[in-house]
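J.: Take this structure, written in structure tokens, and hold onto it; I'll ask about it next.
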2 protein chains.
Amino acid sequence: MNLIRYGEKFFDELEIQKIWKNEVSSSVELNQISSASSERIERTVIRGVKDGKAGIYLVDSTKDEDILKGIEKAAMIAKVNDPDPHWPGLPEAQSYRADTLEVPEQKSPEHFVNILSSVLKEVKLKDPKAMVVGGESGGAWLRTEILNSNGVSVEQNDFTSFFVLVMIGRQGAQVTPSIFDIDVSKTHEVDTKRVVDSCIKKIKVANTVKKAELREAPVLMEPFALSELLMFALFPAFNGEREVKGTSVLAGKEGESIMSKKVSIYDDPLNPNAVSHVIADDEGVATRKTSLVEHGVMRGFLWNHYWASIAGRESTGNGLRSFRTGAMSIGAHNMVVAPGTRSLEDIISDMKKGYIVSSYQGAHSSNPDTGDFAVVANPAFVVEDGEIVGSTVFMLSGNVYDIMNNVAEVSKELRSVYMGMLGKGQYPAIKFENLKIAPVSR
Amino acid sequence: MNLIRYGEKFFDELEIQKIWKNEVSSSVELNQISSASSERIERTVIRGVKDGKAGIYLVDSTKDEDILKGIEKAAMIAKVNDPDPHWPGLPEAQSYRADTLEVPEQKSPEHFVNILSSVLKEVKLKDPKAMVVGGESGGAWLRTEILNSNGVSVEQNDFTSFFVLVMIGRQGAQVTPSIFDIDVSKTHEVDTKRVVDSCIKKIKVANTVKKAELREAPVLMEPFALSELLMFALFPAFNGEREVKGTSVLAGKEGESIMSKKVSIYDDPLNPNAVSHVIADDEGVATRKTSLVEHGVMRGFLWNHYWASIAGRESTGNGLRSFRTGAMSIGAHNMVVAPGTRSLEDIISDMKKGYIVSSYQGAHSSNPDTGDFAVVANPAFVVEDGEIVGSTVFMLSGNVYDIMNNVAEVSKELRSVYMGMLGKGQYPAIKFENLKIAPVSR
């Protein structure tokens, strides 16, 4: 059945995206396997345009008969809408690089239950006072197909497995703050040992609570903390839609130095470890590596087809579609902050006095228009003479461009982080020179 | 096929909850119908217990064959878990009141597109400068079935239709803050006219921006603003699990006066307008009207079966299950703050100088252990001599018990609010006596 041909009876242009998602996972809560589940989602998003008027319909099926009915519903919506004078047409047919990801076989819930069960035993053995308060092990299989009336036709598969652990330490009636770590992988091999060891190491030191005494000190942000801050305070400024609307402070700054030469940032869906491994974005535009910052110099924005056309630019293949509302936006597939040369261990061992931040609270209330932020670093750790000597909590407020101009060193290790549209990717730890902090009582 | 009988081969006790949910809706964005969608979710949660060890498995199907396999997976999970020494057993068979809700017929997406389309025309006619930035019209049909090995067997149906509008006003280059209103109904009749008129009225006055000059003034919280504050700062203290764990400031206060005599609060799933109209909770315990506060006096907590058993109390039928994780928690079905006697209009017309709050930002970071909160009232409005004369923004911080002791008057009108587990219900507007506020520049 040629769905596009059928849809051309109603529309000048038509796009159909089908999505199949399978997610199998198991969860842990308070040292017990709390549940396991298996979920399969099928969804089709139909977007048709007639005389510049768009209609979008979403249906939870990928069957031809349901899509046919959906096309008629989309046509009904287009009729009641106004024409969009800026409508640039759908993307043209294009060629894609080969889809090199080898999608591993489906696993049963037992597989993920067994991972968690061994982890629980491992934790009990390594630190009987530690408690796994929460966690999840699972895998997500994603298949999409995009067709449009300009000849776009692309199918792709993606797979991500994930392992998350949230632990606390107990000492008498005292408990440590929650310690969190994650591993994300494109195969079924998740590094549970690294995550467990990292959490237990932090719990041990977190039992010693220190007041954050210094008012200005070097601060090392671990990959997850760094991604939280950049996702909310920095990355929105690289969104092409914001450039057009005049709400990006980076508008007109291409070619200018905007941060330390030690920092390069790019979106890299081609990377074999890419969190979203895609050859085409959700409009069927071929994806590519897009440089945003090169040794501190602003290199460009991320674009989808619509906003690129309005700005007279080329789409960078960063069109992302909400499977819930059908709305198109702009987002990274795999945001990478380029690694440095020395190991995290070496960087810490050279710190005389300073702090390490594992995670932030309140990063989401950063101001993306200005880069201003005010966050609570928790858990954070105190470093003295190259040793982590205790845990602490402090407030950090400032401007993301100021601190990104104040980078002392970038670690050579990258960690995969899976958060919202703009945050997913691979991040190093970054040590910043003297940042002003404010202690918080706990 | 007797699923419970089959499960008894693996378990001492077994509970099966099946859920069917249909949601049909349409959305609006920037004065256009942005999409419509139809979604059907089927899910079964299996909870089995063997020798005090629990196993929970979730499957996205309600078919016998899938549930049979799920029972075996739940058994596999129970095996690796530790026994819960406090496990009270599953609820016993019980009788339920009649399910009186008449669930209306399914509607097509066209129905909701047409509602939005007429609303857009109505807005254009009534205020050409107003813009509908977002909104949704839809209906959700929910059917559940709960069975357990103690003889619980109950089926129920629920329906909610909703209509949400977010609007702004434009005056030259100036835009007003977002103005939001909602109508929730147990039939297909949603009051779009009331929502449209309420938004347009607020937009008109919001074009005049005033600085919040008074440092201490009467503050009238509209139903939605009130629900936000109470949901995060007050209601968690009525959760029986928190009473047992010692994190509720209300522990041991039953019978004591905790707030103004003008306030009564109860959970009322029997109310014909109940947001969740259920005869049994998610464990099959019969629901009832539960008084929490009667004329200012603390009357009790909300309980599910597990925490009630530990506390030596009776479940109030407030067990809620997450359809995502299977986890049981405690929540209200239809939280009602009892109405007063005078109309909102009369209360406002008696206000010499004061403020009206439509919505808060930051209510989620309230401290549920103490009742302390710090929120930004936005949009808020300035009242002078009984007239709303402009919009404003201010900060309000304090303690929810202090302000609930400081109630001047409760409106006779209630509005249905649909938020998280604890917030959904029906709320009046409440006028508080002199609250301390801090202006915020916009």
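Only the coordinates and a few stated rules stand behind these numbers; no lab work does. Since we're looking at a predicted model, the values are computed, not measured. All Cβ positions, even for glycine, are placed from backbone atoms using ideal geometry, and neighbour counts span all protein chains on display.
J.: Taking chain A as the reference, fit the longest principal axis to its C-alpha atoms, fit the long axis of helix A:64-80 to the helix C-alpha atoms, and give the angle between the two in degrees, 0 to 90, nearest 10.
T.: Tilt relative to chain A: about 80 degrees.
J.: Contour minus end-to-end for B:Arg170 and B:Leu270, with contour as 0.36 nm per residue of separation and end-to-end as the Cα-Cα distance?
T.: Going from the current span to full extension adds 31.7 nm.
J.: Further question: At 222 nm, what value in deg cm²/dmol follows for chain A if DSSP H runs of at least 4 each add -39500 (n - 2.57) and the sum is divided by all its residues, to the nearest 500?
T.: It comes out at -5500 deg cm²/dmol, rounded to the nearest 500.
J.: While we're here: Normalised by the number of residues in chain A, what is the relative contact order in percent for Cα pairs under 8 Å and 6+ residues apart?
T.: 15
J.: Grab the other residues whose beta carbon is less than 12 angstrom from that of B:Gln171, score K and R as +1, D and E as -1, and report the net.
T.: Spelling it out: positives minus negatives among the neighbours equals +2.
J.: Further question on the same structure: Describe numerically, in nm with one decimal, the distance between label points set 7 Å from Cα along Cα→Cβ at A:Glu110 and at A:Lys63.
T.: It is 3.2 nm.
J.: Let me know the charge dipole size of chain A about its Cα centre in debye, to the nearest 20, where only the beta-carbon of Lys, Arg (+1) and Asp, Glu (-1) is charged.
T.: So the dipole magnitude of chain A works out to roughly 1000 debye.
J.: A follow-up question, please. By how many degrees, 0 to 90 and rounded to 10, does the Cα axis of helix A:109-126 deviate from the longest principal axis of chain A?
T.: The helix A:109-126 is inclined about 10 degrees to chain A.
J.: With just the Cα atoms defining each centre, how far is region B:178-250 from region A:377-442? Give it in Å.
T.: Centre-to-centre distance over Cα atoms comes out at 36 Å.
J.: Assigning unit charges at the beta carbon (Lys, Arg +1; Asp, Glu -1) and nothing else, what dipole magnitude in debye, to the nearest 20, does region B:393-435 show about its Cα centre?
T.: Rounded to the nearest 20 debye, it is 220 debye.
J.: Cβ under 13 Å from A:Leu220's Cβ, A:Leu220 left aside: what net charge do those residues give with Lys, Arg +1 and Asp, Glu -1? Walk me through the numbers before you get to the answer.
T.: On the way: positive: A:Arg342, A:Lys352, A:Lys353, A:Lys431; negative: A:Glu222, A:Glu345, A:Asp346, A:Asp350, A:Glu409, A:Glu413, A:Glu433.
Once all neighbours under 13 Å are counted, the net charge is -3.
J.: Next up: Determine the shielding of peptide A:74-85 by partner chains: average, over its residues, the number of Cβ atoms on other chains within 10 angstrom of each Cβ.
T.: 4
J.: Hey, in the GNM for chain B with a 10 angstrom Cα cutoff, which one of B:Gly252, B:Gly340, B:Gly135 fluctuates hardest?
T.: With Cα springs under 10 Å in chain B, the top fluctuation among B:Gly252, B:Gly340, B:Gly135 is at B:Gly252.
J.: Take peptide A:34-46, look around each residue's Cβ out to 10 angstrom, count Cβ atoms belonging to other protein chains, and average those counts.
T.: Going residue by residue through A:34-46 and averaging, the value is 6.
J.: To continue, here is another question. Taking springs between alpha-carbon atoms closer than 10 angstrom, which of A:His86, A:His111, A:His333 fluctuates most in the Gaussian network model of chain A?
T.: Result for chain A, Cα springs under 10 Å: A:His86 fluctuates most.
J.: Another question, if that's okay. Quick check: pseudo-label points 7 Å beyond the Cα along Cα→Cβ at A:Ser322 and A:Thr208, how many nm apart are they?
T.: 4.8
J.: Taking each residue of A:360-367 in turn, how many C-beta atoms of other protein chains fall within 10 Å of its C-beta, and what is the average?
T.: 1
J.: Moving to a separate point now. Using the beta-carbon distance between B:Asn434 and A:Ser365 and R0 = 35 Å, what value does 1/(1 + (r/R0)^6) give for FRET efficiency, to the nearest 0.05?
T.: Once the sixth-power term is evaluated, E becomes 0.75.
J.: For B:Pro272, which inter-copy label distances result when the label point lies 7 Å beyond Cα on the Cα-to-Cβ vector, reported in nm to one decimal and in ascending order?
T.: The answer, with the shortest distance listed first, is 6.8 nm.
J.: Could you give the alpha-carbon Rg of region A:208-439 over 2.2 N^0.38 Å, rounded to two decimals?
T.: 1.02
J.: In nm, what does the list of distances from B:Gln171 to its counterparts in the other copies look like, shortest first, when each label sits 7 Å along Cα to Cβ?
T.: Copy-to-copy label distances at B:Gln171, shortest first: 6.0 nm.
J.: If you build a Gaussian network model of chain B, linking Cα atoms that sit under 10 Å apart, which residue out of B:Asn405, B:Asn114, B:Asn148 swings the most?
T.: Looking only at B:Asn405, B:Asn114, B:Asn148, the biggest GNM fluctuation is shown by B:Asn114.
J.: Return a whole-number percent for the relative contact order of region B:207-361, with Cα pairs under 8 Å and 6 or more residues apart as the contact set. Please report the intermediate quantities before stating the final value.
T.: On the way: 257 pairs, mean separation 45.4, N = 155.
This gives 29 percent for region B:207-361.
J.: What dipole magnitude, in Debye to the nearest 20, does region A:3-204 give about its Cα centre under +1 on Lys/Arg Cβ and -1 on Asp/Glu Cβ?
T.: Numbers: 27 positive and 32 negative charges, 187 e Å.
Dipole about the Cα centre, nearest 20: 900 debye.
J.: So which of B:Lys210/B:Lys424; A:Lys204/A:Lys436; B:Lys262/B:Lys424; A:Lys73/B:Lys18; B:Lys21/B:Lys53 end up more than 23 Å apart by C-alpha?
T.: B:Lys210/B:Lys424; A:Lys204/A:Lys436; A:Lys73/B:Lys18; B:Lys21/B:Lys53
J.: List the pairs from A:Lys211/A:Lys431; A:Lys9/A:Lys63; B:Lys201/B:Lys352; A:Lys129/A:Lys412; B:Lys211/B:Lys353 whose alpha-carbon separation is above 22 Å, in the order I gave them.
T.: As for pairs spanning more than 22 Å Cα to Cα, those are A:Lys129/A:Lys412.
J.: Related question: I'm a student and want to see the number: the projected area of the Cα convex hull of region A:314-442, averaged over all directions, in nm².
T.: Reported value for the Cα convex hull: 9.9 nm².
J.: Right, next: Can you tell which of B:Tyr401, B:Phe232, B:Ser309 lies farthest toward the positive end of the dipole of region B:208-439, using +1 and -1 charges on the Cβ of basic and acidic side chains (Lys, Arg; Asp, Glu)?
T.: B:Ser309
J.: Let me ask something else about it. Give me the Kirkwood hydrodynamic radius of region B:20-71 in Å, from all C-alpha pairs, to one decimal place?
T.: Numbers: mean 1/r = 0.0725 Å⁻¹.
Value: 13.8 Å, from the Cα pair sum.
J.: Follow-up. With the label 7 angstrom out along Cα to Cβ, how close does A:Asp191 come to the same site in each of the other copies, in nm, nearest first?
T.: So the distances to the same position in the other copies read 5.9 nm.
J.: Whole-Å semi-axes of chain A's equivalent ellipsoid, largest first, each the root of 5 times a Cα gyration tensor eigenvalue?
T.: The answer is 41, 28, 17 Å, longest axis first.
J.: Using a 7 Å offset from the Cα along the Cα-to-Cβ direction at both A:His295 and B:Asp372, what is the distance between the two label points in nm, to one decimal?
T.: 5.0
J.: Next up: For the protein assembly as shown, state the average projected area of the convex hull of the C-alpha atoms over all orientations, rounded to one decimal in nm². Write down the numbers at each step before the final one.
T.: On the way: hull surface 143.1 nm².
For the Cα atoms of the protein assembly as shown, the hull's average projected area reads 35.8 nm².
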